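**Student:** Could you have a look at this structure, given as structure tokens, before my questions?
Just so you know, all these numbers are worked out from the coordinates, no wet-lab data involved. Just so it is clear, the model here is predicted, and its values are computed rather than measured. Cβ placement follows ideal geometry from the backbone for every residue including glycine, while neighbour counts extend to all protein chains displayed.
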């Protein structure tokens, strides 16, 4: 499939109308110039173009950010590309990418995300070719700033990338999931404060010591005399060992909730 320039501009207008940021990956100088006329917000550098410094320089002329995919690169290649990009002065991000379609889970390389951030001190992305939703959400949980996915209208569509793509419905799930994960990450919780907030639930669902049967006055409390039951508004279940072997002051009926006053 090949779009005409008019069709490309139509796609750009549609993205603008829907509040989406339009991006496309150029594979030629002609494509760079077409996308420049469309005022793309950033430049995606495909894995196979990571060493195409002349074309990267052409992209960088307008000062927009560069998004470098590294699916075919070793660390020397990435170092070389980043060194060159830094001479251009553009902001940049680096994508961990494995050029397999689809990419099996054991080759996603989630561990590389932190390596990239540590080595280059830049935003980090995952270019996910797994064809499922899990790797992208895992990457966000590990701190990825950007996710790239292939998407198709149906898994039955014809095309070389179909098996490495998610459906539109799955893409929606990824977006929703990533937003929730980011919210969880960026809103740390105070464990003690949260427990205080839920103190009423702790009482309702915790357990206290109750009489498992009628107990005569003066009896020595044994394990068989005790039930651990809700709510936790009496002697706490964790304190059971402190009361076994103690003498009961007065007669106690079955299902009585023990208190400190029941014991000598």
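**Student:** What is the packing order of peptides 38-49, 252-263, taking the mean over residues of other C-beta atoms within 10 Å and listing the highest first?
**Tutor:** On the way: 38-49: 17.8, 252-263: 14.2.
In descending order of packing, they fall as 38-49, 252-263.
**Student:** Let me ask something additional. Could you work out how much longer the chain between residue 2 and residue 173 gets when fully extended? Use 0.36 nm per residue separation minus the Cα distance between them, nm to one decimal. Could you put the intermediate results ahead of the total?
**Tutor:** Working: separation 171, 0.36 × 171 = 61.56 nm, distance 2.94 nm.
Answer, rounded to one decimal: 58.6 nm.
**Student:** Here's another thing I want to ask about it. Peptides 59-67, 2-10: what's the order by average Cβ count within 10 Å, highest mean first?
**Tutor:** 59-67, 2-10
**Student:** Let me ask something else about it. Just how far, in whole angstrom, is segment 165-243 from segment 56-85 if you go by their alpha carbon centroids?
**Tutor:** Using only Cα atoms to place each centre, the spacing works out to 51 Å.
**Student:** Given the Cα atoms of segment 130-240, and with Rh set as the inverse mean 1/r over their pairs in the Kirkwood sense, what is Rg to Rh to two decimals? List each step's numbers first, then the result.
**Tutor:** Numbers: Rg = 26.4 Å, Rh = 19.0 Å.
Expressed as Rg/Rh, it is 1.39.
**Student:** Which of the peptides 111-121, 140-150 is most tightly packed, and how do the rest follow, going by the mean number of other Cβ atoms within 10 Å of each residue? Kindly include the intermediate steps, with their values, before the conclusion.
**Tutor:** Working: 111-121: 15.4, 140-150: 17.9.
My ranking of the peptides, most packed first, is 140-150, 111-121.
**Student:** Would you work out the Kirkwood radius for segment 42-185? I mean one over the mean of 1/r across all pairs of different Cα atoms, in Å. Show your work: numbers first, answer last.
**Tutor:** Values: mean 1/r = 0.0639 Å⁻¹.
Roughly 15.7 Å, rounded to one decimal.
**Student:** Evaluate segment 1-93: find the radius of gyration of its Cα atoms, find its Kirkwood radius, and give the ratio Rg to Rh.
**Tutor:** Numbers: Rg = 13.7 Å, Rh = 13.8 Å.
Radius of gyration relative to Kirkwood radius: 0.99.
**Student:** Looking at the chain only, what percent of DSSP beta bridges run antiparallel? Nearest 5 please.
**Tutor:** Numbers: 9 of 26 bridges.
Just about 35 percent of them are antiparallel.
**Student:** Still on this model: On alpha-carbon atoms, Rg over Rh for segment 195-262 using Kirkwood Rh?
**Tutor:** Details: Rg = 12.5 Å, Rh = 12.2 Å.
Result: Rg/Rh = 1.02.
**Student:** Still on this structure, I have one more. For segment 56-133, with equal point scatterers placed on the C-alpha atoms only and solvent neglected, what are the log10 I(q)/I(0) values from the Debye formula at q = 0.11, 0.14, 0.20 1/Å, to two decimals?
**Tutor:** -0.29, -0.47, -0.87
**Student:** Given the convex hull of the Cα atoms of the chain, what is a quarter of its surface area in nm²?
**Tutor:** Numbers: hull surface 88.0 nm².
One quarter of the hull surface, i.e. the mean projection, equals 22.0 nm².
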